[in-house]
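A.B. asks: The structure that follows is given in the form of structure tokens.
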Amino acid sequence: MAWRTSHGGSPTKRSFLAAGLGLSGTAILAACGKSGGPKRDALVVWHSYRGREKAALEEVAALYSAQVAGKARPVRCVGVPNDAFADKISAAVPRNKGPDLFIFSHDRMGGWVESGNTVAAIDFFLSEQDRQGFLPGMLDATTYKGVTYALPLNFKSAALIYNKRLVPSPPRTTKELVEIATKLTDKARGRFGFAYAYDDYFFHAGIANGFGGGAFNAAGDLILNDPANVAASDLVRRWRSELNLLPDDPANSLVTALFNEERAAMVMSGPWFLGEAAKDIDLGIAVLPMISEANNQPMRPWMTIEAIYLAAGTADEHEAWQFAKFLAGPQGSTIMAQKGGQLSASEAAYRVPAIANDPIISAFKAQGALAVPMPNLPEMTLVWSPADKAMKRFTKMETTSQSAWNDCQAEVQAAINALRASQAGGRA
Amino acid sequence: MKRNLSAIFFALLMVISGAVFFLQQAAQHRDEAASGAVALVTASDLAKLGSAGLTAGLSDQTIGVMMADVLKRSGRDGDRYRLVMRNGKQLAASNWPGEAAPRPLNLNEKPLYDLILGLPMEGAKLKPEALGAHAAAPLVVAGQRVGMVEIVQTSKTSGPALISPLQWGAIGLGILVLAGLALVQPKLGAWAGLALPLGVAFVLGQFTGANLATTSQLLLDNLNSTARAVDEAMRAVAASNGLTLAGDVARLDSAVVAGAVDGAALNTSLLFLGGLGALIGGFISFGAASATWRALTENPTAYAYVAPALIGMLALAFFPFFYGFILSFTDTTLLNQGASWSDRWVGFANYASILGDFNFGGNGAAFNYQNFYWTLGVTIVWTVSNVVLGVAIGLGMALLLNIKGLRGVAIYRTLLILPWAIPNYITALTWKGMFHPQFGAINQAIQAFGGQPVQWFDSVGPSFITGLATNAWLSFPFMMVVALGALQAVDEDMYEAARIDGASPWQQFWLITLPSLRPALLPAIIVSVVWTFNMFNVIYLVSAGQPSGANEILVTRAYRIAFEEYRYGYAAAYSVVIFLILLIYGVFQIRATSATEANNK
């Protein structure tokens, strides 16, 4: 039996490079990455909230700090701009310059786990009772290779948003969708029954997942050219290029503009759309239609789940956990839902009548029950750009769906192999 | 003379202290790796036994007793062990003093629990603890990791020193002799500062290599006999408990020792150290050090004033540059950022892969637009066409604005500078909207004049034009301002003289205007080429390289490699290639301009 050599490489070679190239500073930084950081006088939470979400989070933090005053450290919330957030975490936490906890969506999690020293596992703290407190499927999003790394706070997924004046009752199947859309569409005059960013893989995924396809299978293998994905693509291609129901080059900004000018009666978009929609349009939200072409399976859009992570190397993991649990638990989630306007991932928030009876929240919650978490594998980021490219190629009839996805599969697989090859040294 | 001696002294001080540090590190690493290997064999054997026991339905307690038995039989009672079970978060067995087992884990024992799922199936060596080598292996039942065995090996395995005292003595003697020679022969002295450090480093490397070769087999045999003892004890305990174990006897191969001390790398490190020492020696013995010191002491104020800028440049410009440069020789990606530089080092492989990319697709597959040479070609065409267009429009506008007696010049000038004043990503997004096939202003204008709408982003040519139009809009104001300034400086007398001589306006333009503009326009064109070459925003935001990445330029491609494929090392190499192309262009361009300037004088 041959044992693999340990991953660190020989220190001699490392010292050679470090001394020779003036990088000893970086090497030292990297070397102390694993030791615990100093204990600050407050638990620092990084978030990228603004407006009422920020106010709600600060309220929860103040409530918690008051409850534990004298027993544990208070919580201090620090806002960090969203666009730089993930990279800041990747750079700061492994070097012990980061927060004790942070709030971010679940899709970068796999990358953080794989690069190490960024997020702490929480299975040890997480009791069965804690697990029951979340809506079904939410914890799957924050679980990577069998280990849970974060507590879900809220979720966002696309649903069907429609103009009530143009569409009195929303379609329940794609067959009805096509019927309504055909009536309302006059492409030459720029009027559409249904519009969405169909060449954006994020939105297409709902249909692909409904057919039983997707980007990866349960084992984590890439299945972009799977027959189910090809069937889903052929459906979109039919809508766009045979039935001429969908607008050309549909950027999200175009979809919003069409809806606001009442030129698009129905759109597929998420809760973020509500902020952009014109206030004078009476809009309704419904679950995306079932796919008639796939035995009436529901569309399963991807959802992104915002979660609270324990940063690796935080001075007191249990204390950090206490706040994470409080925020994701009944008190925290109710405040975040009521005052922050979030779609809570926790059951408890929906016991509040004002939330449970809100038609918009109920519709998004019903859609969330059908949605699937976006894969949290680090390889997922390699999929986006080639998949969008493939979508453009077959929707514009440049080639067949099958051949577009075959090319895409080969391209992404090559990128994954290149990424994985770098890891061949192994990580103990 | 004194200088030569101090050169030798400082250079050797550097080499020898560095070598002592390296050798000590290497010896320590070798001993840790050897102890770790034994700990790992022990942990894996115990985990194998435990897994078999759990599968056969034995209790955690029984397995704990069996583990203690194995350690006793193999004479390793000194090793500390823990058996941690995932189910119920139990510490099932332990022989650490003061640790009662079985009991649930404490809050501060979370790392033990986290380790279970963090372990690879065949176990792992962990960071050495203060007590000794540390390893752990998972207990596996039906493919699931249900617990783990952790071993801390208290007895240390230590091998012989990498350089014996006798060898150190010999080296010292050699140094004394050579230093003495350098004193006697002052001409040789300066060179001794160079040669001695290199020689010492070389000899140290040779000694280490020879010592490693003779001792590694010995170390390996020792390790193997320990491993075999643990293995036999495990089998005996298994047999007495009625368990059958699959698999062969664990055997360590030479990779353990080879991995523990990379002889070749150590040798390279020492030689490198020697080189560094030689640099220091040469710096002192050839007088550069004293010259530097003199310069510093003679103008302390000047250097003090420059220091902040110097430090700023070092930290903000040179460090990132060299970091990127070094990164380009590694295969750093998102997944292995934490690994050591030596693990990631790939030499010139990235460059070979970029420059040797002759996969253009074809043979049934789509054309490979990701190919480096295609992207380079697009970038060059992009740069040339943009600069030509920018200069032509800018110059044209400047000539129009320069017409004598033109009314409202100030208004025109302000309006024409506007595209420059608006942030370019806003302009880019606006143009992208204008190129929308159905709702964009451009296609609507084409249709208003009875034309057919163009699918701008569907094929290579039109998609290229979208970027070109946007960038021309962005770049002409700069050229216009430069040209206008230069035009107003042209002496009116020259035109008057030309008119008297009967020159046509065309002749006036070619023979007076253009030559007068050249000193101002040439530098503007040079920077404009660099800007356009790396014009990320326009390409990324307008066409995004559509269709199929055919209209990417080098810099957007590098961005995609780094932030969409997460291959940081490869992207760094790509960026260095871009830098080299621009460097070659810059050198060439500076030569060309200085030649023209010389002609003007």
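The values are calculated or read from the model by the stated rules, or taken from the named source; none is laboratory data. Please read all numbers here as calculations on a predicted model, not as lab measurements. Positions of Cβ are generated from backbone atoms using ideal geometry, with glycine treated the same way; all protein chains shown enter the neighbour counts. Surface areas here come from the heavy atoms of the whole protein model, side chains and all, with no ligands, DNA or RNA. Shrake-Rupley method; radii C 1.70, N 1.55, O 1.52, S 1.80 Å.
A.B. asks: In whole percent, what relative contact order does chain B give with Cα contacts below 8 Å and a gap of six or more residues?
C.D. replies: Relative contact order comes out at 14 percent.
A.B. asks: By how many nm would the segment from B:Met313 to B:Asp501 lengthen if fully extended, with 0.36 nm per residue of separation less the alpha-carbon distance?
C.D. replies: Full-extension gain reported as 62.2 nm.
A.B. asks: Go through A:405-411, B:169-175 and give me the packing order, highest mean Cβ count within 10 Å leading.
C.D. replies: Result, highest mean first: A:405-411, B:169-175.
A.B. asks: Probe radius 1.4 Å, ligands and nucleic acids left out: which of B:Ile422, A:Ile305 has the largest accessible area, and how do the rest follow?
C.D. replies: Largest accessible area first, the list is B:Ile422, A:Ile305.
A.B. asks: Which residues' amide hydrogens lie under 5 Å from the amide hydrogen of A:Arg76, considering only partners 5 or more residues apart or on another chain, with H built in the peptide plane?
C.D. replies: Under 5 Å from the amide H of A:Arg76 lie the amide H atoms of A:Leu43, A:Val44, A:Val45, each far enough along the sequence or on another chain.
A.B. asks: Please calculate the 1.4 Å probe accessible area of B:His29, with all protein chains present, and give it to the nearest 10 Å².
C.D. replies: Per-residue accessible area (B:His29): approximately 30 Å².
A.B. asks: Go through segment B:313-327 residue by residue and turn each phi into a ³J(HN,Hα) via Karplus (6.51, -1.76, 1.60, θ = phi - 60°); whole Hz please, and just put x for glycine and proline.
C.D. replies: Along segment B:313-327, the couplings run 4, 4, 6, 9, 10, 6, 4, x, 4, 5, 4, x, 4, 5, 4 Hz.
A.B. asks: While we're looking at this one, here's another question. Calculate, for B:Leu418 and A:Ala414, the FRET efficiency according to 1/(1 + (r/R0)^6) with r their C-beta to C-beta distance and R0 45 Å; round to the nearest 0.05.
C.D. replies: According to the calculation, E is roughly 0.50.
A.B. asks: Which whole-Hz couplings ³J(HN,Hα) result when phi for each residue of segment B:114-125 is put into the Karplus expression 6.51 cos²θ - 1.76 cosθ + 1.60, θ = phi - 60°, listed in order with x for Gly and Pro?
C.D. replies: 3J(HN,Hα) across segment B:114-125, in whole Hz: 4, 4, 3, 7, x, 7, x, 4, 8, x, 8, 7.
A.B. asks: A:Thr173 accessible area, nearest 10 Å², 1.4 Å probe?
C.D. replies: 20
A.B. asks: Defining a contact as two alpha carbons under 8 Å apart and six or more residues distant in sequence, what relative contact order in percent does chain A show?
C.D. replies: Value for chain A: 25 percent.
A.B. asks: How high is the FRET efficiency between B:Thr593 and B:Tyr425 when r is their beta carbon distance and R₀ equals 41 Å, given to the nearest 0.05?
C.D. replies: After rounding, the FRET efficiency stands at 0.80.
A.B. asks: Something else about it: Apply 1/(1 + (r/R0)^6) to the Cβ-Cβ distance of A:Asn295 and A:Glu242, taking R0 = 22 Å, and write down the FRET efficiency to the nearest 0.05.
C.D. replies: 0.55
A.B. asks: With labels modelled as points extended 7 Å from the Cα through the Cβ direction, what inter-label distance (nm, one decimal) is found for B:Ser6 paired with B:Ser59?
C.D. replies: Each label point is offset 7 Å from its Cα along the Cβ direction, giving 7.8 nm.
A.B. asks: Pairs of Cα atoms under 8 Å, at least six residues apart: use those to get the relative contact order of segment B:28-153, whole percent.
C.D. replies: Reported as a whole number, the value is 34 percent.
A.B. asks: Moving to a separate point now. Can you give the angle from 0 to 90° between the axis of helix B:60-73 and the longest principal axis of chain B, with both taken from C-alpha atoms, to the nearest 10?
C.D. replies: Compared with the principal axis, the helix lies near 70 degrees.
A.B. asks: I would also like to ask the following. Where does each of B:Phe533, B:Phe563, B:Phe272, B:Phe588 land when they are ordered by accessible area, with a 1.4 Å probe and the largest first?
C.D. replies: B:Phe588, B:Phe563, B:Phe272, B:Phe533
A.B. asks: Does a label point 7 Å from the Cα of B:Ala489, set along Cα-to-beta-carbon, have any residues of segment B:506-529 with amide nitrogen under 16 Å, and which are they?
C.D. replies: Zone members listed by number: B:513-526.
A.B. asks: Please compute, for peptide A:379-386, the average count of beta-carbon atoms on other protein chains lying within 10 Å of each residue's beta-carbon.
C.D. replies: That average works out to 3.
A.B. asks: So which helices of chain A fit the span-like rule, where a helix is a whole DSSP H run, its Cα atoms reach 27 Å or more along the axis, and its mean Kyte-Doolittle is at least 1.0?
C.D. replies: none
A.B. asks: Here's another thing I want to ask about it. Over the heavy atoms of B:Ser459, what accessible area does a 1.4 Å probe trace out, to the nearest 10 Å²?
C.D. replies: Per-residue accessible area (B:Ser459): approximately 50 Å².
A.B. asks: Let me ask something else. Placing +1 on the Cβ of each Lys and Arg and -1 on the Cβ of each Asp and Glu in the protein assembly as shown, which of B:Trp431, B:Phe536, A:Ala181 has its Cα farthest towards the positive end of the resulting dipole?
C.D. replies: Most positive-ward Cα: B:Phe536.
A.B. asks: Non-local amide H neighbours of A:Val119 (under 5 Å, H modeled in plane, Pro and chain starts lacking H): which ones?
C.D. replies: A:Ala312
A.B. asks: For segment B:106-179 and segment A:278-350, compute the distance between their C-alpha centroids and round to whole Å.
C.D. replies: 44
A.B. asks: Follow-up. Using label points projected 7 Å from each Cα along Cα→Cβ, tell me how many nm separate A:Asn357 and A:Lys175, to one decimal.
C.D. replies: Spacing of the two 7 Å Cα→Cβ label points: 3.7 nm.
A.B. asks: With a ≥ b ≥ c taken as the square roots of the eigenvalues of the C-alpha gyration tensor of segment B:10-140, please select rounded if a/c is under 1.5 and otherwise prolate if a/b is larger than b/c or oblate if it is not?
C.D. replies: Prolate is the answer for segment B:10-140, as a/c is 1.5 or above and a/b outweighs b/c.
A.B. asks: How far apart, in nm, are two points set 7 Å out from the Cα along the Cα-to-Cβ line at B:Ser158 and at A:Arg52?
C.D. replies: Going from the B:Ser158 label point to the A:Arg52 one covers 6.9 nm.
A.B. asks: For the protein assembly as shown, place one equal point scatterer on every Cα, skip the solvent, and apply the Debye formula. What is log10 of I(q)/I(0) at q = 0.04, 0.05, 0.07, 0.10 Å⁻¹?
C.D. replies: Debye intensities relative to I(0), on a log10 scale: -0.28, -0.44, -0.84, -1.38.
A.B. asks: Moving on. Using helices alone, what [θ] at 222 nm do you get for chain B, with -39,500 (n - 2.57) per DSSP H run of 4 or more residues, divided over all residues and rounded to the nearest 500?
C.D. replies: Helices in chain B give a 222 nm mean residue ellipticity of -22000 deg cm²/dmol.
A.B. asks: Applying the Karplus parametrisation 6.51 cos²θ - 1.76 cosθ + 1.60 with θ = phi - 60° to the phi angles of segment B:504-516, what ³J(HN,Hα) value in whole Hz is obtained for each residue in order, glycine and proline being reported as x?
C.D. replies: After applying 6.51 cos²θ - 1.76 cosθ + 1.60, I find 6, x, 4, 5, 4, 5, 6, 9, 10, 4, 4, x, 5 Hz.
A.B. asks: So who's got an amide H within less than 5 Å of the one on A:Ser269, skipping anything under 5 residues away but keeping other chains? H placed 1.01 Å off N, in plane.
C.D. replies: Distant-sequence amide H within range of A:Ser269: A:Ala159, A:Ile161.
A.B. asks: Could you work out [θ]222 nm for chain A from helices alone, using -39500 (n - 2.57) per DSSP H run of at least four and dividing by all its residues? Round to the nearest 500 deg cm²/dmol.
C.D. replies: It comes out at -12500 deg cm²/dmol, rounded to the nearest 500.
A.B. asks: Sort B:Thr226, A:Thr314 by heavy-atom solvent-accessible area, probe 1.4 angstrom, most to least.
C.D. replies: Largest accessible area first, the residues go B:Thr226, A:Thr314.
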